[in-house]
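Enquirer: Okay, handing you the structure first.
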Amino acid sequence: MLFNLPPTMPFNVDLLRQHFPILSQTIEGHPLVYLDNSATTQKPTEVLTTMLDYYQTSNANVHRGAHFLSNNATSQFEQARQNVANFIHAADKDYVIWTKGATEAINMVAYGIEQQLKPNDEILISNLEHHANLVPWQQLAARTGAILRILPLVLTEEGNVLWQDSYQDYFTAHTKLFACTHVSNALGVKPPIQQLLRLAKSVNALTLLDGAQAVAHYPVNVDELDCDFYVFSGHKMYGPTGIGVLYGKTAALERLTPYQTGGEMVASVSYDKTSFNQLPYRLEAGTPNIEGAIGLAAACQFLSSLPRNALLAWEQELAKKAYHALQQHPKIRLYSPVDSTMVSFTVDGISSTDISEFLDSRGIAVRAGQHCAHPLMTSLGVHGTIRASFACYNTLQEVEGLITSVFEGIELLADD
Ligand SMILES: Cc1ncc(COP(=O)(O)O)c(C=O)c1O
């Protein structure tokens with residue numbers, strides 16, 4: 001054993017793991033060690049059985065049918081919306097719009113504000129963004145003549161964002177929208193979001209936070225954050241794939257032109273003209289992902305039933321143990337901050353893919369590469385990193401196994 005268990009653990013990881021049947025398998029003789037949670041988390045039985053139960057007892061289309069099953073499905077679907085809104089502390093007057101995921105939610109805003117942009121308006125994003133929070137803005141700029149500007153957040157040696165007064169120069173009367181990650185998927189760093197939102201508001205820009213990497217770990221309160229939009233994906237927070245959320249303040253959502261049209265989102269239709277339904281339906285064309293919404297609400301309920309601060313402390317503890325152990329190796333360079341819930345690192349002279357393949361041969365699943373953040377990797381001067389990202393069900397033994405295998409992999413793969 002490299003590490004000792006902390007003396008007081010407010011929840012029992014072994015018991016928690018029993019809720020995740022997938023984790024008990026072996027991969028070619030090795031127990032599965034799943035450390036790719038930033039890509040997607042595993043799903044607890046509570047989520048799986050809720051979705052199965054929906055199909056076995058209540059499946060029908062929502063909002064349309066005048067029959068028992070449809071009414072039942074509709075009430076479960078709308079209750080799920082309410083539960084997810086409660087989970088992120090949305091105010092009663094604001095809305096959760098269902099999307100396929102964070103990517104679709106961002107696209108919905110990017111297309112939705114297109115008609116309001118003119119040449120030389122500015123869209124500002126940080127230099128830490130996932131492509132999902134970059135490419136839609138770049139394409140929007142190309143379509144409208146607006147300018148995409150990059151806020152160059154400065155990272156310290158320890159991987160934290162250093163506050164610079166010069167950041168405020170990027171927020172001008174031209175800035176129409178500021179979009180920023182709540183937590184970076186590639187490095188685990190948290191930008192100084194409150195200060196940045198304050199700067200954005202001082203110039204009346206719309207604000208969008210990408211919470212894809214935040215919601216599973218940090219309690220999120222959108223009302224306190226006071227952003228116009230907050231987006232995330234269900235599958236990164238123990239929920240199903242294919243469902244996500246665009247949270248928006250009513251006034252901000254009202255500004256969006258629906259980016260898809262069709263059934264469900266209309267109030268009345270003639271051959272000449274269509275009038276759109278009210279929020280949230282006007283932004284939800286077509287039959288929605290009903291079981292996904294219900295599954296995501298079950299994931300929120302699952303997380304809410306656990307001591308969330310203790311989960312976060314546990315994930316940070318795992319990341320910190322990994323960080324300090326990796327730091328001992330002369331060939332390893334770390335890019336994540338010590339207090340995040342992941343470690344992102346490179347090994348001198350060995351590609352991240354080679355390390356991840358070696359880890360895979362030991363049953364250890366990590367992500368290697370550019371993490372959908374090519375410009376960020378370029379600015380760090382690396383081709384990619386190895387990212388081990390932790391969830392509440394990971395254990396110290398798994399961290400120990402990761403470290404041992406990384407060190408053995410380096411021994412085996414190094415030229416010298
Ligand atoms: C920070 C961040 N934003 C957006 C996304 C896109 O999420 P999705 O692919 O679920 O739409 C991801 C996915 O990795 C992410 O990490």
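The values are calculated or read from the model by the stated rules, or taken from the named source; none is laboratory data. Only a predicted model underlies this, so the values are computations on that prediction, with no experimental measurement involved. No Cβ is skipped: glycine too gets one built from the backbone with ideal geometry, and neighbour counts run over all protein chains shown. The accessibility values were calculated without ligands, DNA or RNA, using every heavy atom of the protein model including side chains. Shrake-Rupley method; radii C 1.70, N 1.55, O 1.52, S 1.80 Å.
Enquirer: So what does His67 come to for accessible area, using a 1.4 Å probe and Å² rounded to 10?
Expert: The value for His67 is about 90 Å².
Enquirer: Would you work out which of Leu162, Phe390, Ile22 lies farthest towards the positive end of the dipole of the chain, given +1 charges on the beta-carbon of Lys and Arg and -1 on that of Asp and Glu, about the Cα centre?
Expert: Comparing the listed Cα positions along the dipole, Leu162 ranks first.
Enquirer: Sorted by packing (mean other beta-carbon atoms within 10 Å per residue), highest first, where do 141-150, 363-372 land?
Expert: 363-372, 141-150
Enquirer: Next question, about the same structure. From the Cα trace of the range 50-304, what convex hull volume per residue do you get, rounded to a whole Å³?
Expert: Dividing the Cα hull volume of the range 50-304 by its residues yields 123 Å³.
Enquirer: Can I ask one more? Starting from the Cα gyration tensor of the range 207-360, take the square roots of the eigenvalues, sort them a ≥ b ≥ c, and report rounded, prolate or oblate (rounded when a/c is under 1.5, otherwise prolate if a/b is larger than b/c, else oblate).
Expert: Because a/c hits 1.5 or more and a/b exceeds b/c, the range 207-360 counts as prolate.
Enquirer: Can you list residues whose amide H is under 5 Å from Phe276's amide H, if they're 5+ apart or on another chain and H is modeled 1.01 Å from N?
Expert: Residues meeting the criterion, in which the H sits 1.01 Å from N, are Ala267.
Enquirer: Of the peptides 154-163, 387-396, how do they stack up when ordered by the mean number of other Cβ atoms within 10 Å, highest first?
Expert: Per-residue Cβ counts within 10 Å, averaged per peptide and sorted highest first, yield 387-396, 154-163.
Enquirer: Next question. Please give the per residue accessible area of the chain, computed with a probe of 1.4 Å over protein heavy atoms only, in Å².
Expert: Averaged over the residues of the chain, the accessible area is 43 Å².
Enquirer: Further question on the same structure: Cβ under 14 Å from Asp169's Cβ, Asp169 left aside: what net charge do those residues give with Lys, Arg +1 and Asp, Glu -1?
Expert: -1
Enquirer: Please list the non-local residues whose amide H lies under 5 Å from the amide H of Gly244, H modeled 1.01 Å from N, same-chain partners needing a gap of 5 or more.
Expert: Correct list: Thr99, Lys100, Gly101, Gly234.
Enquirer: Strictly over 28 Å apart at the Cα level, which of Lys93/Lys176; Lys100/Lys320; Lys43/Lys176; Lys236/Lys273; Lys118/Lys236 would you flag in this model?
Expert: Listed pairs above 28 Å: Lys100/Lys320; Lys43/Lys176; Lys236/Lys273; Lys118/Lys236.
Enquirer: So for the range 50-304, taking the charge dipole from beta-carbon charges (+1 Lys/Arg, -1 Asp/Glu), which of His130, Met265, Ala141 sits furthest toward the positive end?
Expert: Met265
Enquirer: Separate question: For the chain, what does the helix formula give at 222 nm: sum of -39500 (n - 2.57) over DSSP H segments with n ≥ 4, over the residue count, nearest 500 deg cm²/dmol?
Expert: Rounded to the nearest 500, it is -11000 deg cm²/dmol.
Enquirer: What percent antiparallel are the DSSP beta bridges of the range 50-304, to the nearest 5?
Expert: DSSP beta bridges in the range 50-304 are roughly 45 percent antiparallel.
Enquirer: About the Cα centre, and with charges only on the beta carbon of Lys, Arg (+1) and Asp, Glu (-1), how big is the dipole of the chain? Nearest 20 debye, please.
Expert: Its charge dipole is roughly 940 debye.
Enquirer: How much of the accessible area of the chain, probe 1.4 Å, is carbon plus sulfur, in whole percent?
Expert: Here it works out to 50 percent.
Enquirer: A further question follows. Measure nothing fancy, just the Cα-based angle from helix 396-413's long axis to the longest principal axis of the chain, in degrees from 0 to 90, nearest 10.
Expert: 70
Enquirer: Now for a different question. Highest mean first, what order results for 36-48, 265-277 on Cβ atoms within 10 Å?
Expert: The densest-packed peptide leads the list: 36-48, 265-277.
Enquirer: Quick check: from the Cα gyration tensor, does the range 10-146 come out rounded (a/c under 1.5), prolate or oblate?
Expert: Oblate, since a/c reaches 1.5 and b/c is not below a/b.
Enquirer: Here's something else I'd like to know. Once you sort the root eigenvalues of the Cα gyration tensor of the range 246-293 as a ≥ b ≥ c, which label holds: rounded (a/c under 1.5), prolate (a/b larger than b/c) or oblate (the other case)?
Expert: Because a/c hits 1.5 or more and a/b fails to exceed b/c, the range 246-293 counts as oblate.
Enquirer: Take every Cα pair under 8 Å in the range 1-108 that's 6+ residues apart, average their separations, divide by the length, and report that relative contact order as a whole percent.
Expert: Once normalised by length, the contact order is 12 percent.
Enquirer: Around Pro136, under 13 Å between beta carbons, what's the net of Lys plus Arg minus Asp minus Glu among the other residues?
Expert: Counting the neighbours of Pro136, the net charge comes to -3.
Enquirer: Please list, ordered by chain and number, the residues whose modelled amide H lies under 5 Å from the amide H of Arg149; skip anything fewer than 5 residues away on the same chain.
Expert: Answer set, sorted by chain and number: Ile123, Leu124, Ile125.
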